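The values are calculated or read from the model by the stated rules, or taken from the named source; none is laboratory data. The shown structure was predicted, so the numbers you read here are calculated from the model rather than taken from an experiment. Please note: Cβ atoms are built from the backbone with ideal geometry, for glycine as well, and neighbour counts cover all protein chains shown.
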Amino acid sequence: MTQESNATATATAPISIDLIVGEDGLARPPWAARDPLLRAYYDTEWGMPVRDESGMFERISLEAFQSGLSWATILRKRPAFRAGFAGFDPERVAAFDEDDIERLLGDAGIIRNRRKIEATITNARATLALRDSGPGLAELVWSFQPDRIPRPLHFADIPVRSAESEALAKRLRAEGFTFVGPTTMFALMEACGIVDTHLLGSHRRGTSGIWSR
């Protein structure tokens with residue numbers, strides 16, 4: 001639901017000078033203004049609500065693989081990730097064994113990092129355990145939605161972690177998840193619409209239906 005506590009923009013609200021207006025007249029941050037893949041991701045996916053278990057598991061997994069790398073790298077490899085990890089079906093990934101780990105380590109289409117591959121399998125098993133212990137994965141992550149969001153005019157105004165992402169990371173670790181640090185979880189919350197950190201004036205600001213502008 002819309003968070004009325006979030007201050008709404010007015011006709012005289014400032015617009016970030018960090019945005020680039022494309023040939024279509026839409027304002028985007030530089031990272032989404034040039035690369036067609038990133039532009040499509042920004043326009044259609046980033047910041048839109050993800051409320052299903054498989055979708056949330058995929059995003060947690062990809063955020064872990066992204067650590068230390070560019071998001072463009074992850075997006076270009078996402079089809080291979082989906083193929084290698086059985087469409088990020090938690091039940092199928094939870095059943096992966098050492099043969100699957102070796103298979104993935106030999107897959108040039110993904111990031112071949114043993115710790116991250118093993119973490120994905122561990123997190124799939126933790127996702128299944130959540131079904132029995134209380135709220136499912138998506139519901140649990142969404143329970144850490146804040147009461148208000150930033151209104152960034154510049155990139156420097158966008159936080160990289162929050163009290164809520166720290167609490168989410170702590171809870172997920174307690175539930176058996178790994179590679180879920182506070183910074184990674186804040187990125188997850190941005191990607192899934194739980195927080196809106198679009199710069200003021202971006203054509204995507206407030207379009208998730210969760211937050212007003």
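The table that follows gives values for the structure above.
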| item | result |
| --- | --- |
| Cross-chain or 6+ apart pairs with Cβ under 8 Å, segment 144-170 first and within 15 Å of Gly47 (Cβ to Cβ), then charged (D, E, K, R) and in a loop (DSSP other than H, G, I, E, B) | Ile149/Asp196 |
| Residue in segment 185-201 that is nearest to the chain's Cα centre (by Cα), counting only those that are within 15 Å of Asp43 (Cβ to Cβ) and among the aliphatic types (A, V, I, L, M) | Ala191 |
| Qualifying residue in segment 49-57 (condition: among the β-branched types (Val, Ile, Thr), assigned to a helix (DSSP H, G or I) and in contact with a helix residue (DSSP H, G or I) (Cβ under 7 Å, 6 or more places away or on another chain)) | no |
| Phe81, sole failed condition from (1) among the aromatic types (Phe, Trp, Tyr); (2) in contact with a helix residue (DSSP H, G or I) (Cβ under 6 Å, 6 or more places away or on another chain); (3) in a helix (DSSP H, G or I) | (2) |
| Identity of the residue in segment 13-57, of a type in the set (Asp, Glu) and farther than 18 Å from Ser208 by Cβ, that ends up modelled with the highest pLDDT | Glu53 |
| Filter result for Arg103 (more than 20 Å from the chain's Cα centre (by Cα) and either surrounded by 14 or more Cβ atoms within 10 Å (Cβ to Cβ) or without any contact (Cβ under 8 Å) to a residue 60 or more places away in the chain (or both)) | yes |
| Hits in segment 119-156 - residues which are in a helix (DSSP H, G or I), charged (D, E, K, R) and under 19 Å from the mean Cα position of the chain (by Cα) | Glu139 |
| Residue ID - surrounded by the fewest Cβ atoms within 10 Å (Cβ to Cβ), chosen from residues in segment 148-195 that are under 22 Å from Ile15 (Cα atoms) and among the basic types (Lys, Arg) | Arg148 |
| Check on Gly87, farther than 24 Å from Arg173 by Cβ and buried (at least 19 other Cβ atoms within 10 Å of the Cβ) | no |
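Let's see how each residue does on (1) out of contact with any Pro (no Cβ under 9 Å at 6 or more places or on another chain); (2) at pLDDT 95 or above; (3) at positive phi:
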| site | (1), (2), (3) |
| --- | --- |
| Ala83 | yes, yes, no |
| Gly87 | yes, yes, yes |
| Pro90 | yes, yes, no |
| Ala95 | yes, yes, no |
| Glu102 | yes, yes, no |
| Ala108 | yes, yes, no |
| Ile117 | yes, yes, no |
| Asn123 | no, yes, no |
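Yes/no matrix, rows are residues, columns are (1) among the basic types (Lys, Arg); (2) more than 14 Å from Ala191 (Cβ to Cβ):
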position: Phe57; (1), (2): no, no
position: Gln66; (1), (2): no, no
position: Ser70; (1), (2): no, yes
position: Ile74; (1), (2): no, no
position: Lys77; (1), (2): yes, yes
position: Ala80; (1), (2): no, yes
position: Glu91; (1), (2): no, yes
position: Phe96; (1), (2): no, yes
